[in-house]
Amino acid sequence: MLYKSYIPNALTYFRFIAAALFFYTFLNDLFLISLLLIILAGITDILDGYIARKIGLTSNKGAYLDVTSDFALIFTCFLAFVIKGWYNPLILILIIIMFILFIGTSGYKKPVYDPVGKYLGAYLMVMILISLLFQEQVIRETLFVLLILIWIVSIISRLYQYFLSRNFN
């Protein structure tokens, strides 16, 4: 039974490895491998939390590790996209601000749940996937505009959830 406790963390750690592999494969024009890595990373993102809940091993540390691995993967993918000229470097600033806001509003005890923020992370993963599948500039520009809109709503939602949680604690 002890080995089962390692499964959720191993799945989470895979996203750190996937980030480095994505960076290498994407910059070397191995787009199919990059796509497969993103699909696998998405599957591990779904499975790690599910398995942790199923075997009763959820923790705040695990939640932070999950968010950090998601951030590392997303940031690294978009860094590769920026290097290739697929996206404006501003996208990296938006991603960094959201991660800092998550840490700043959550502190180190318990992450502040933000329903819109959860969708922002999912949108960024889908954005990576769509960018790899449909490599036309107009699609990336549309995805970027949608990201800015979701990003603004997410910031408002996170701050609202943060101040709401502070008022009741």
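Residues in region 39-54 that are aliphatic (A, V, I, L, M) and under 15 Å from LYS118 (Cα atoms): ILE46 alone. Restricted to region 35-46, and to residues there that are touching a residue at least 24 places away in the same chain (Cβ under 8 Å) and either closer than 15 Å to ALA122 by Cβ or touching a Gly at 6+ places or on another chain (Cβ under 7 Å) (or both), the residue that is surrounded by the most Cβ atoms within 10 Å (Cβ to Cβ) is ALA41. Cβ-Cβ contacts under 6 Å between residues 6 or more apart (or on different chains), taken from a first residue in region 1-23 that is surrounded by fewer than 19 Cβ atoms within 10 Å (Cβ to Cβ) to a second residue that is outside any helix (DSSP H, G or I) and modelled with pLDDT under 95, are listed as LYS4/ILE55; SER5/LEU57.
Looking only at residues of region 51-86 that are small (Gly, Ala, Ser) and assigned to a helix (DSSP H, G or I), we find that the one that is farthest from ALA19 (Cα to Cα) is ALA52.
Go through region 87-135 and give me each residue that's exposed (fewer than 14 other Cβ atoms within 10 Å of the Cβ), modelled with pLDDT of 95 or more and either in a loop (DSSP other than H, G, I, E, B) or at positive phi (or both). Matches in region 87-135: PRO89, PHE134. Looking for something in contact (Cβ under 8 Å) with a residue 12 or more places away in the chain, in contact with a Gly (Cβ under 7 Å, 6 or more places away or on another chain) and among the aliphatic types (A, V, I, L, M) - is there at least one such residue anywhere in region 48-60? Yes, because at least one residue in region 48-60 is in contact (Cβ under 8 Å) with a residue 12 or more places away in the chain, in contact with a Gly (Cβ under 7 Å, 6 or more places away or on another chain) and among the aliphatic types (A, V, I, L, M).
The values are calculated or read from the model by the stated rules, or taken from the named source; none is laboratory data. Because the structure is predicted, anything quoted here is derived from the model rather than measured. Heads up, the Cβs are rebuilt from the backbone with ideal geometry, glycines too, and the neighbour counts pull from every protein chain shown.
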